[in-house]
1. Lys355 versus (1) in contact (Cβ under 8 Å) with a residue 40 or more places away in the chain; (2) touching a helix residue (DSSP H, G or I) at 6+ places or on another chain (Cβ under 7 Å): which is the lone unmet condition?
2. Looking at the range 595-606, can you tell me whether even one residue there is in contact with a Ser or Thr (Cβ under 8 Å, 6 or more places away or on another chain), under 30 Å from Tyr329 (Cβ atoms) and not in a loop (DSSP other than H, G, I, E, B)?
3. Pull up the range 92-118, narrow it to residues that are of a type in the set (D, E, K, R) and either touching a residue at least 40 places away in the same chain (Cβ under 8 Å) or not in a strand (DSSP E or B) (or both), then point me to the one that is surrounded by the most Cβ atoms within 10 Å (Cβ to Cβ).
4. Go through (1) over 30 Å from Asn551 (Cα atoms); (2) of a type in the set (Phe, Trp, Tyr); (3) crowded, with 18+ Cβ neighbours inside 10 Å one by one and return the number of the condition Trp373 breaks.
5. Could you tell me how many of the residues in the range 185-225 are in a loop (DSSP other than H, G, I, E, B) and among the aliphatic types (A, V, I, L, M)?
6. Which numbered condition trips up Asn121, out of (1) surrounded by 15 or more Cβ atoms within 10 Å (Cβ to Cβ); (2) under 17 Å from Pro143 (Cβ atoms)?
7. Output the number of residues of the range 52-79 satisfying the condition of being in a strand (DSSP E or B) and either within 16 Å of Tyr244 (Cα to Cα) or touching a helix residue (DSSP H, G or I) at 6+ places or on another chain (Cβ under 9 Å) (or both).
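The values are calculated or read from the model by the stated rules, or taken from the named source; none is laboratory data. Only a predicted model underlies this, so the values are computations on that prediction, with no experimental measurement involved. Reconstructed Cβ throughout: ideal geometry from the backbone, glycine too, with neighbour counts over all protein chains shown.
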Amino acid sequence: MRKLFFVLSTIFIFCYSATAQQKRNVIKRTSISSPNKKITAEVLLSSKNTAIYNIIYSGKTILQNSALGIIREDADFANNLQWLSSSEQKTVKDEYKMLTAKKSLIKYAANKRTISLLNKNGDAFNIVFQVSNDGVAFRYEFPQISTEIKKIKQELTSFKFNEGTRAWLQPKTESQSGWEHTNPSYEAHYKMDIATGTAAPGQNGWVYPAMFKYDDVWMLITEAALGRTYCGTALQQFSPDNEYKINFPQEAEKFTNGVLYPESKLPWQTPWRIIAIGSLKTITESTLGTDLALPAIIMDSSFIKPGRSSWSWIMSKDDNIVYAEQKKYIDYAADMHWEYCLIDVNWDTKIGYDKIKELADYAAAKKVGLILWYNSAGDWNTVKYHPKDKLLTHESRVAEFAKLQQMGIKGIKADFFSGDGQSMINYYQDILEDAATYHLLINFHGATLPRGWQRTYPNLMTTEAVYGYEMITFGQKDADTAAPHMVMSAFARNAFDPMDFTPVNLYKIPRIERRTSATFEMATAVIFLSGIQHFAESPEGMAKMPEPVKNYMQNIPSHWDDVKFIDGYPGKFYAVARRSGSKWYVAAINGDTASKQINLQTLPFLKPFKTGTLFTTNNAHEIVTEKKTVYANKNETIIIKANDGFVLVFE
């Protein structure tokens, strides 16, 4: 009996000690739940006086003991913290319209809580959490008022995943590496389905959006509301114990003599850290990247028109930026009912301003607008292409943009930026604001991820920030891996921000054997989202297409009103339905080595049935067009082979 009493006493003491230790390790805690209660974010202050957070999805912890905090040069807001207060949970709602997104009318609802903390000097700062049905967002706030410039040395934010989590990540290339020192430009192949903790190949880490999967739960990390007081960030190269930390840009990623790391007067808000969470359907249909972006700056929006564009350079390169060739591509755009024609590098000398004005007038008579290429210039840029000296200062931009407006030019493509330093982030926004004054649309190339800028600056039509189609035209190796890369780009890079992949080659690529079928290429015109879609096909190639294919390309929508994800897997296959007006487009691409079966019966707009035009590929690699009736109450499937795709259009 004494022995039993001793054992029971020992167990009681051990359990009490463990519980007491747990209570000592966490001294403050609060939680924020999504409106549908599926997602909960917990914020805690431990006995080490550091702030951490956990995320629980459907009762399963998917991020745990992830760090929070900021270290400024003048103060530490990560260590020796005190819990001041946690606000009541309240609901926040927003509704807005966009022309360059997966939906035209977007609604956002989330529950919000503000946690106020003090550092060891008694300075307050806030961590604001907003949890919606499709994810978690949080940001830091310094509420004090000060005209003194404060500088951030380090952001301690981390994302600590469970063991067994898989990752789909794109390396951030080293600053000033690559052709003519043009990196980083968010142009690399993704490392797909790798273990968390795998080191990035270079010191610059991993770019956003970063994709993860734990059990059956998907997560996509990005940032938004990147204004003028912060740098763009990434994830660090190393992630020991599955913990990914925020990475600031490298030294050369800034405007000449400009600021690299974040600095600002007070009050000060940082960008939102966003984690979209749920099924692939939830993430693919989510709009969190623009929901959390800064609202549109008030401007005259009458000139903002999304569209489709012809573009000679993608197939015929530098030598054909001449008057006759560009006139041919204007005629091509007019024949295809496309709104724009892009004239690329060295037009200022090979054609000249006077002749460009002549082409602009000719195009306008055919209801086609011209877009002109520019080099971003700067001491970071050794590229010889021009015009190169027109964008660096407000004064030079105003002079150039006023001239372009008078010439009837509709937009510019600005290329070869240096990265994510705060001063470079400001340079992007300087260009956008000055361009809006002169009613010019913007396409950034050799550039960073937009992070929701297309909402803040509606004249931002698209951004490259992807290893796009031009790379496929340069070498067979990239053409060989194009299909899985395009699938992956649709899932991650194009999740929230417009992507100028410049898709759709239907006939052939000079000196390259294309691995994707023509219907795969057709499908990317629906799957890829871009405010202006620059198509890769040439007039000669389009002339060889059957009339139904040409008609499809003439009428492909320039913006979308709704989206329904059908099926897919990152890097393997992707199937989606998009609506523009009353028309639905169903498109699928297969980047895997095995055939895929796409089930259509779950699509809500099919009830009771709909008849549409189906484009597929036969065994002779020809495009086949047929009428197909799809019934909602029948098992309706379409099989697509490797590197193949289909499009189904319902009028």
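1. The single condition Lys355 does not satisfy is (1).
2. So far as the range 595-606 goes, no, none of its residues is in contact with a Ser or Thr (Cβ under 8 Å, 6 or more places away or on another chain), under 30 Å from Tyr329 (Cβ atoms) and not in a loop (DSSP other than H, G, I, E, B).
3. Ranking the qualifying residues of the range 92-118, first place goes to Lys102.
4. Failed condition: (1).
5. 5
6. (1)
7. Count: 11.
Residue-wise test of (1) in contact (Cβ under 8 Å) with a residue 12 or more places away in the chain; (2) of a type in the set (Phe, Trp, Tyr); (3) closer than 25 Å to Ile149 by Cβ; (4) in a loop (DSSP other than H, G, I, E, B).
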site	(1), (2), (3), (4)
Cys231	yes, no, yes, yes
Leu266	yes, no, yes, no
Ile277	yes, no, no, no
Gly289	yes, no, no, no
